[in-house]
Amino acid sequence: MLKEGRVRIPSGCAISGIINKKGKRFSGADIIKSIALMHDRSNGLGGGFAAYGIYPQYKDFFALHIFYDNLSIKMRVEEYLDRYFKIESAGVIPTKDVPSIQNKPMIWRYFVKPFVFAIGENNDENEFVAQSVIKINKDFDGAYVFSSGKNMGTFKGVGYPEDIGEFFKLDTYEAYAWTAHGRFPTNTPGWWGGAHPFTMLDWSVVHNGEISSYDTNRRFVEMFGYKCSLQTDTEVITYLFDLLVRKHKIPLEKSIKIIASPFWKDIDRESKEIKEELKTLRAVYSSALVNGPFSIILGFQKGLIALNDRIKLRSMVAAEKDDITYIASEESAIRLICPNPGKVWAPRGGEPIIALLDEEIK
Amino acid sequence: MSLDLLTPSFEVIRDENKCIQCKVCSRQCANLVHRYDEEDNIMKADEIHCVNCHRCVAMCPTKALKIRKYPLEFRENANWTESAIKEIYIQSQTGGVLLASMGNPQPFPIYWDKMLLNASQVTNPSIDPLREPMETKVMIGRKPQKLEYGKNGKLLTKIAPQVELEIPIMFSAMSYGSISRNAHESLARAASELGICYNTGEGGLNKDFYKYGNNTIVQLASGRFGVHKEYLNAGAAIEIKIGQGAKPGIGGHLPGAKVDEDVSATRMIPVGSDAISPAPHHDIYSIEDLRQLIFSLKETTAYKKPVFVKIAAVHNAAAIASGIARAGADAIVIDGFRGGTGAAPARIRDNVGIPIELALASIDQRLREEGIRNEVSLIAAGSIRNSADVVKAIALGADAVYIASAAVIALGCHMCHSCSTGKCNWGIATQIPELVKRLNPDIMYKRLVNLITAWNHEIQEILGGMGINAIDSLRGNRLMLRGIGLNEKELEILGIKHAGE
C-alpha cells in the first residue's frame, strides 16, 4: 500500500479547540478530555494536538519536531540542519508507553535559528525555515518535519487522540491555546506524518471534511513554491493561509473572505466600495476558494480562528465562558469541560469565529 | 469539359404515395435539386447537387422525403477510400485547392469522450443545485500576482478590466459576411439575455448591433476589416485573432458574392469585392510585435477593455501561450483543430493543428510551471459539443469556453459542410436575402438562450454531484477527471489519472 502523500486519502474527523484570551496557560488535560468524548468520530488511525505558548524559554527559536524512520536518515537531516541552522537544543520528545500506540518512529525535537548567511538577501527567516521544511519533507525520504513554529508545537501519531495525548504526556505541557484532532480516514497506511494537525511555521490546521476543490487549491499554491507532499486537505488549507496572510500580507479577515468567499448574490447586495473589494478578492483568488464540506480550526501565535464552508456541510459549535473560547465538532465536547458556558452558538457557513489574544486586539 | 467523373453523394428518395406535388422542396432548395415536371405531374431530383442539408426533408408537409448516402460502392480498399478517390476527380477537373467547411471530420481521437467525471459518495455530500446556490459566474481578464493592502486595511490594488460572464460559455467568432445578419442578431440578443458574450469575427460590427456592446467581443484579424476606433471601443473586450483551429497558418477569404451593400459598409470594402485576410498580420512578425499591437489597442481604448489573443492549437502552443501571457494579453484563446470554419482548404483543416484537449492541458500546466497561470484567463475553443465537454475543459484548466458549431446547430445548421457555397438553406451561412429571411431572429435567439440555459443546468448538476458549489473550484481541478482507454503518454499530457486509479 502506498504511503500517504503518494495517494490521496479522504477522512472524516472530530476537532476541538480551547483558547484563554488573556494568554493564561493551562495543561493539556481539558483538550484531551474534550476530544476523547468524540471517540466515535475517529477510528484510531490518527490523532493529534497543537499547543501555543509551550516553549517560553525558547520563544525565539523555531521548534522543529521531526519523525525519523531510521538512524541513517536522522544523520542526514542533522547534517543538513547543522549546515544552515544554529541548534540551541536537541533531544528526543519525551513519551510514555501506551499499549495502543505501536510502530512508533523516532521522534526528535530541535530548537533552531537559521544562520544569517543561509537566510540570504531577502532577510526573511520565516521563508527560509518554510522552504527548509518543504525541502526536508520532499527530499529526505524517511524524515518528516511535523512542527516548525516558534513557542508552539504539534504532537501527533497513529492512534486515538486521547491515547496520543497520553503518549506525548500533554498533561505536563502548558499552553494558552490548544487544538485537537481525531481522524477517521477511509483507509490509511498508518503513517504518523499523515495524522493531523498539519503545520507550517506557526500555522496549525485541524480540519474535518473532504474538500472538493483540492486539486484546484493544490495547483494554485504550488505556483507559489509550495509542494503538497501529503495530498491532504489540511496541508493545502495550511498553505493557503500561509500564502495569503504571511506571503501576500492579506489581512486575516479578508483572507477568510477568500477561503470561504461570499456568494455573488450576496456580494451584489453590498455597498459599492465593499462590493468592488469583494469582487476583486474573488476574481484574483478564485482558485483559493475552498469548496466542499469543512470545519477547520486555524491556530497561530495570535489565537484561534474557526471556519465552516459557506453552506455549512460540517458541524461546528462554539462557546464562551469568561476569558475562554471553546470550539468543537459537537456541543457535548464543550459542555464536558465547561458545563455552564456563558454563550453557546453554531456559527453560520462562512462566518468565522475569531478568538484572538486580548493583547493582539489592542 | 464534357466528362464529369463525379457521382452523387446523396440519394433523394421520394415516396410518390405521400408526395402532393406542393413544390415546397423545390422552393426551399437553393442548390436546385428538386424540380417539378409539369408533363408527368411529379417532382424530380437532380441528386448531384444535394448536400444533405435536410431542409427539404424538414419542410415537406407530408414527410415524403428521405435522403440517403448514395448507394454506390467503390471496390473495398482501406487505402483508396471513396473520399480519397473523389477528391482526385475534383482536383483533376478543377486544378484547385479543395475547399471544405465546418470542423475537422476525420476520425482522430476525441479526448473529451475518453475522460470521465467524478461524483461524491459518503465522505463528502453532493449538493442539490435546486436547493443550494450553485455559482457559474466567471471573471475573464488579467489578474495581478497578489493584492496589496495598505496599513489602514484598505485595498490598494486596482485590477485590470474584466469581462463578467454569468455562464462560462461564449459564442465564438463568426463574421458578419460568413454568416448572415439574422444569425448575428440572434447571437447578439442571446448573449445579452444570458449575460455572456458573442464575438463579431473579423467582419466589423454593424451599426445596428452597437447596442449589444456590453455582450460583444470585437475581433481584429489580419485583414483589419471594419476596424476603427469606435468599433474597438464598442465591445466588452477586443480579440486579436492570430489563428483559427480549422485553418492554422493561413488567412481567410470571403468571396465577393457575399459582400452586399450592408456587408460592404460594415467591413469598409467595396461591394462585390473579395475580402482576403492575409495569413500573418503584417505588423506582427514576432512576439514583441504582438506586444506592441496589444498595447496600441489598450491605448486606443484607454485601458478599459481586456485584450484577448486567439491562436490555433499547434505543436508548440504551450510556449507560444506563455509568450502571449508575457506580452500583456488579458486572456488567451486556444482553438483546437476540430473548430469550425465557413471555408478552409480541406488539406489544412484535416491535417494541421492538434486537439484542443491536449493543447489546453499542456498550456495550463506550462503557465503554472512558470507561475503565471493566475495572471491570464484561458479560453478553450474548437469543438465543445455539450455541457460535459465544458465541464471537462474547465477541469483541465480553462476559465471559459467558446462555442460556434454548437451555436449554429441551435440555429438550424444540419452540418452539411457546405457553408463555403454561400447557399445555406437554413439562412445561416449565406447573404442571399430570400435565404437569410428564413432565419427569424425573434425565434432563433430563444433557441440559443434555451441551449445555454440547458447546458448551465447540466453544469450545475454535475458540479453539485462533485460536491462543488462554485465553478471557481472546478478550474484546473484535474482530480475530477479520469482517463479511459488512454496510454501513459496521453494521461501524462492531460495530467490526469486512469479510471480505477
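The values are calculated or read from the model by the stated rules, or taken from the named source; none is laboratory data. Note that the structure is a prediction, hence the values are computed from the model and not measured. Heads up, the Cβs are rebuilt from the backbone with ideal geometry, glycines too, and the neighbour counts pull from every protein chain shown.
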Does B:ARG142 satisfy the condition of being within 12 Å of chain A (Cβ to nearest Cβ), closer than 26 Å to B:PHE295 by Cα and surrounded by fewer than 22 Cβ atoms within 10 Å (Cβ to Cβ)? yes
For the subset of the stretch A:191-225 comprising residues that are assigned to a strand (DSSP E or B) and within 14 Å of chain B (Cβ to nearest Cβ), which member is nearest to B:LYS146 (Cα to Cα)? A:HIS207
Kindly provide the set of residues from the stretch B:159-171 that are in a loop (DSSP other than H, G, I, E, B) and either modelled with pLDDT under 95 or in contact with a helix residue (DSSP H, G or I) (Cβ under 7 Å, 6 or more places away or on another chain) (or both), ordered by number. B:ILE159, B:GLN162, B:GLU166, B:ILE167, B:PRO168
Return the only residue of B:ARG368, B:ARG347, B:ARG385 being in a helix (DSSP H, G or I) and either under 30 Å from B:ALA84 (Cα atoms) or in contact with a Ser or Thr (Cβ under 7 Å, 6 or more places away or on another chain) (or both). B:ARG347
Where in the stretch A:250-343 are the strands (runs of 3 or more DSSP E), entirely inside, with at least 3 residues that are within 20 Å of the chain's Cα centre (by Cα)? A:294-300, A:303-308, A:324-328
Just to be sure, is A:GLU88 free of Cβ contacts under 8 Å to residues at least 24 places away in the same chain and among the charged types (D, E, K, R)? no
Which condition breaks for A:LYS169 when tested against (1) within 21 Å of A:ILE73 (Cα to Cα); (2) surrounded by fewer than 20 Cβ atoms within 10 Å (Cβ to Cβ); (3) in contact (Cβ under 8 Å) with a residue 60 or more places away in the chain? (1)
Return a yes/no flag: does the stretch B:26-47 have any residue that is closer than 30 Å to B:GLY336 by Cα and at pLDDT below 95. no
Is there a residue being of a type in the set (A, V, I, L, M, F, W, C), within 8 Å of chain B (Cβ to nearest Cβ) and under 25 Å from A:LEU356 (Cβ atoms) anywhere in the stretch A:263-282? yes
Within the stretch B:439-482, residues of a type in the set (Gly, Ala, Ser) and more than 9 Å from chain A (Cβ to nearest Cβ) come out as B:ALA454, B:GLY464, B:GLY465
For the stretch B:366-379, does any single residue satisfy the condition of being over 30 Å from A:VAL284 (Cβ atoms), buried (at least 24 other Cβ atoms within 10 Å of the Cβ), assigned by TED's automatic domain parsing to the domain that holds B:ASP335 and touching a Lys or Arg at 6+ places or on another chain (Cβ under 9 Å)? no
Do we find a residue being at pLDDT below 95, within 14 Å of chain B (Cβ to nearest Cβ) and out of contact with any helix residue (DSSP H, G or I) (no Cβ under 6 Å at 6 or more places or on another chain) anywhere in the stretch A:13-27? yes
Under 6 Å between Cβ atoms, at least 6 apart or on separate chains: pull out the pairs that start in the stretch A:220-237 with a residue that is free of Cβ contacts under 8 Å to residues at least 12 places away in the same chain and under 21 Å from A:GLY299 (Cα atoms) and end on any residue that is of a type in the set (Lys, Arg) and in a helix (DSSP H, G or I). A:CYS228/A:ARG218
Looking at this structure, is A:TYR214 out of contact with any Gly (no Cβ under 7 Å at 6 or more places or on another chain), hydroxyl-bearing (Ser, Thr, Tyr) and more than 29 Å from A:LEU81 (Cβ to Cβ)? yes
Among A:VAL133, A:VAL92, A:VAL98, which is the only one that is among the β-branched types (Val, Ile, Thr) and buried (at least 20 other Cβ atoms within 10 Å of the Cβ)? A:VAL133
Do we find a residue being assigned to a loop (DSSP other than H, G, I, E, B), more than 16 Å from the chain's Cα centre (by Cα) and among the small types (Gly, Ala, Ser) anywhere in the stretch A:157-170? yes
Exactly one of B:ALA64, B:ALA30 is within 24 Å of B:LEU435 (Cα to Cα) and under 30 Å from the mean Cα position of the chain (by Cα), and that residue is B:ALA30
